[in-house]
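Quick notes on the structure that follows.
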Amino acid sequence: MLGLMQNRPLLISNLVDYVATWHAETEIVSRDPRGVMHRSNYGEVALRAKRLANALEALGIKPGERVATLAWNSWRHLEIYYGVTCSGRVLHTVNPRLFKEQLIYIIDHAENGYVFFDPDFAPLVEQLAPHLPRVAGWIALCEEKDMPAAKVEGLKCYETLLAQASSEYDWPQFDENTACTLCYTSGTTGNPKGVLYSHRSTVLHAFAACAVDGLALSARDSILVVVPLFHANAWSLPFSAAMCGAKLVLPGPRLDPESIYMLLEQEGCTKAGGIPTIWLNFLAYVENNREKLDLTKLKLKLVFSGGTAAPRATIEKFRDLLGVFLLHAWGMTETSPIVTLGAPLSKHDSATPDEIVDMQVRQGRQIFGVELRVADEKGEPLPCDGKTVGQLKVRGNWVISGYFKGEGGKVMDDDGWFGTGDVATINPDGYVQLTDRLKDVIKSGGEWISSIEIENLAVSHPEVFEAAVIAIPHPTWQERPLLLVQPKPGTHPTKESILEFLSTRIAKWWMPDEVIFVESLPHTATGKLLKTELRKKYGGQLAVAG
Ligand code: ADP
């Protein structure tokens, strides 16, 4: 027997209509590349999103067509998020930090007819345009007076397009499985692949993100969105914040610690989301300027951190310097991205501060709406005992079923499980501990050594800024760990001091065979250590036999 409840499609336009009606005055604050503050609100953003929908119509962009952005976090980018998706087109957020060849590949692969770009990117657009004949128009996100002098055909001004369009527009109704956004994974090997989200997956994911043991969002929050709008839908914040009417603070390109601090203080931010590297620099700034700063003015309570593992030292510093709880998240572009979050359980009420940090360094527990398991090579589930290491597999309503245009072939097994390529344990409480990427694992004498864990411990050393661990060949043990260290500016740590520091914290057989000091470590366009490059450069090194 079927239930007798209404069945309305889950569309992003419902979120936008809701927030524009009931939280119209809630602010959307942005800082532009020159550092100038701009204040808007949900009511205005939604109205301008409707103007944009009419402008897209006038440009002849059909439903389902992909519209690209090359843009920082700003109110205009948010308007495009809403205007493009709610009108039935697909927003393709392009990561401007990718190599030129990758940008050309993905803009062409997505068949983008129009690219909206921040004027900052005009030199990049000039380089890209000759290779992208399919792109009919490049729309600069500015007013006429600020138009860049770029030599590209089809250059248009965003504000002029909006001014010419009406704000009268009824969002269309369509199937909730319709595509809404497209985001390419950076692909450290091979070409980037497109992840195509649907309205349904996005709305369901936003519900989960809002929940109290999710990102705990509310209308009383002011959220600093450090995570770029071009990376995995900025962890759902454009949608989940609209679902509950939270204020958004969009920092533009300036992500230096001083700018972040200023925004947190000025805008009364209660929550903030970004990758660990951002927080590392931010905390160093707070620590070094403690005398100058009035920390009592900060309202920050919760920081979401994901993309790479949050080191213990970062979690402790947030707690000790600012009284802030770091909520550790794990996910992938392919999973919308949130799968696990490190919210405490009631048992943690009686835990010691150290035990709470022990919980926080793990990648968190699965939230409802997705399923997670560790599996062996045959795909069979492994026990959640906190010890047994296997590949993380995930399935659920906001997990990929295949890449755009079928690239990469079949991605799910027959039961719908998607292999994440991450290796982890899950403990009896459900907390995931990521040990490695499958392609980065170090197998020594048949046992796995966790590069992530050694890296995290190494960055707790007072003189270490960043660390990377890779496998090097060994005549007896097949592989051994090599530790690469970027010292903190002005410090000169020694190999001995680092090894001594690690020796009390990890098993003897996990101890790196060699420590090499480097000026900087290479990163991907999404801020992850580029281990392929490190292996190319240092992987040939032979470990000390014995
Ligand atoms: P990319 O586009 O670079 O693939 P993703 O955000 O999709 O970016 O990357 C997902 C991967 O990032 C995961 O498979 C995992 O390896 C890593 N990752 C994400 N969150 C964490 C975390 N909290 N700790 C460790 N690694 C993480």
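Taken together, the values in this text are just the output of simple stated rules run on the coordinates, not laboratory data. Source: prediction; values computed, not measured. So basically every Cβ, Gly included, is an ideal-geometry build from the backbone, and we count neighbours across all protein chains shown.
Tabulated data for the structure shown
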quantity	calculated
Footprinting exposure proxy for SER451, SER87, SER350, SER167 (fewest neighbouring C-beta atoms within 10 Å first)	SER350, SER167, SER87, SER451
Region 369-437, relative contact order [Cα under 8 Å, separation at least 6], %	33 percent
Longest site-free stretch - the chain; sites: chymotrypsin sites (Phe, Trp or Tyr not before Pro), DSSP loop, at most 12 other Cβ within 10 Å	100-367
Sequence-separation-based contact order of the chain, relative, with Cα cut under 8 Å and 6+ spacing, percent	10 percent
Extension gain from LYS100 to ASN177, taking 0.36 nm per residue of separation minus the Cα-Cα distance	24.5 nm
Mean-position separation - Cα centroids, region 416-485 and region 105-151, in angstrom	40 Å
Alpha-carbon centroids, region 316-340 and region 1-50: separation in whole Å	25 Å
Trypsin sites (Lys or Arg not before Pro) lying in DSSP loop within region 445-546, provided at most 16 other Cβ fall within 10 Å	ARG505, LYS528
Gain on full stretching of the segment that runs from ARG34 to SER218 - 0.36 nm per residue minus C-alpha separation	63.2 nm
Where trypsin sites (Lys or Arg not before Pro) fall in DSSP loop in region 363-430, at most 13 other Cβ within 10 Å	LYS378, LYS387, LYS410
Computed label-point distance, nm, for sites GLU126 and ALA211 using a 7 Å Cα→Cβ extension	5.1 nm
Share, in percent, of DSSP beta bridges within the chain that are antiparallel, nearest 5	55 percent
Greater than 21 Å apart at Cα, pairs in LYS393/LYS537; LYS292/LYS317; LYS193/LYS271; LYS193/LYS537; LYS387/LYS536	LYS393/LYS537; LYS193/LYS271; LYS193/LYS537; LYS387/LYS536
Cleavage-rule hits, trypsin sites (Lys or Arg not before Pro), region 232-292, DSSP coil, Cβ neighbours within 10 Å at most 12	ARG290, LYS292
Estimated FRET transfer efficiency when R0 is 25 angstrom, pair SER503-LEU382 (beta carbons, to 0.05)	0.25
Theoretical gain in end-to-end length, ASN397 to ASP256 [0.36 nm per residue, Cα-Cα removed]	47.2 nm
Fewest-first sequence of LEU196, LEU141, LEU2, LEU248 by Cβ atoms within 10 Å of each Cβ	LEU2, LEU196, LEU141, LEU248
Ranking of HIS92, HIS523, HIS492, HIS23 by count of other Cβ atoms within 10 Å, fewest first	HIS492, HIS523, HIS23, HIS92
Average Cα contact separation per residue, region 37-89, under 8 Å, 6 or more apart, as relative contact order %	54 percent
